[in-house]
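This report concerns only the one structure given below.
The values are calculated or read from the model by the stated rules, or taken from the named source; none is laboratory data. Remember, it's a predicted structure, so these values are computed and weren't measured experimentally. With ideal geometry, Cβ positions are generated from the backbone for all residues, glycine too; neighbour counts draw on all protein chains shown.
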Amino acid sequence: MTAPDTQTPPAPHWWRRNALGLGALVVLIPLTVGVIAANEWSQYDAGHPTQPIIVQAGDAVRYDGAGIGPARAEFTDNPAAPAGSRVLRTTTLITPLDGPLACATPVLRELTGAKRQWDEASGLLDLDYDPEAHSTCDSERPIRYSLTLHYLLPDDAVGPFALDLAGDPLPQFVRLVIEP
């Protein structure tokens, strides 16, 4: 008489034994990455001007407790401007309504073509001092005033342009369309 075969069946394959855990990883790893990314990027808009309030040429808007606009622009001659460039002077009316407005110096953007941007360049130009000229919003001034800014542009920049003015309620900012 022979002994019955006591050989044990082979153990299930490793993938089969761990199928439930592997399935959970397939779901949980992308979910974890997505939650972390959403948490980090949700705060990005809070500190950056990403949502423009577009104001057409000649119009004004209420922003951060102040009236902003209208804005005007004109090309001016300046002997200190380098060859191949010209100066664009912009004037924007600021009317504090609920209190003074605080903002950074507006950036000039090209709305078509290469969509370049320029910083204010009064310091690079030979301009006479004017105590009434403002290049940033005056957070101490409770009455109406004008921002007078000068931008040094290459000859091929023709417009239309926009002044981007960012104040306290970020991520919104004012984009004033101007055409010299």
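Just for segment 89-146: of the residues that are under 20 Å from THR76 (Cα atoms) and aromatic (Phe, Trp, Tyr), which one is nearest to the chain's Cα centre (by Cα)? Ranking the candidates gives TRP118 first.
For every residue, the table says whether it meets (1) among the hydroxyl-bearing types (Ser, Thr, Tyr); (2) under 30 Å from GLN43 (Cβ atoms); (3) exposed (fewer than 15 other Cβ atoms within 10 Å of the Cβ).
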| site | (1), (2), (3) |
| --- | --- |
| ARG116 | no, yes, yes |
| ASP126 | no, no, yes |
| ARG144 | no, no, yes |
| ALA157 | no, no, no |
| ASP168 | no, yes, yes |
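Quick check on segment 100-112. Is at least one of its residues in contact (Cβ under 8 Å) with a residue 40 or more places away in the chain and more than 19 Å from GLY69 (Cα to Cα)? Within segment 100-112, one or more residues are in contact (Cβ under 8 Å) with a residue 40 or more places away in the chain and more than 19 Å from GLY69 (Cα to Cα). For beta carbons closer than 7 Å, sequence separation of 6+ or different chains, a first residue in segment 30-59 that is within 29 Å of LEU111 (Cβ to Cβ) and free of Cβ contacts under 8 Å to residues at least 12 places away in the same chain and a second that is small (Gly, Ala, Ser) and outside any loop (DSSP other than H, G, I, E, B), the qualifying pairs are ASP59/GLY69. Only one of the listed residues (PRO154, PRO142, PRO171) is in contact with a helix residue (DSSP H, G or I) (Cβ under 9 Å, 6 or more places away or on another chain) and either free of Cβ contacts under 8 Å to residues at least 24 places away in the same chain or not basic (Lys, Arg) (or both). That residue is PRO171.
Taken over segment 102-134, the criterion of being closer than 21 Å to GLY167 by Cβ, in contact with a Phe, Trp or Tyr (Cβ under 8 Å, 6 or more places away or on another chain) and at pLDDT below 90 is satisfied by HIS134 alone. Candidates GLY47, GLY34: the one that is over 19 Å from the mean Cα position of the chain (by Cα) and small (Gly, Ala, Ser) is GLY34. The residues of segment 35-65 that are of a type in the set (Gly, Ala, Ser) and at pLDDT 90 or above, listed by number, are ALA57, GLY58, ALA60. Residues in segment 65-89 that are of a type in the set (Gly, Ala, Ser) and within 18 Å of ASP156 (Cα to Cα): ALA73, ALA81, ALA83, GLY84, SER85. Filtering segment 118-148 to residues that are over 18 Å from VAL55 (Cα atoms), of a type outside the set (Ser, Thr, Tyr) and in contact with a Ser or Thr (Cβ under 6 Å, 6 or more places away or on another chain) leaves GLU120, ALA133, ARG144.
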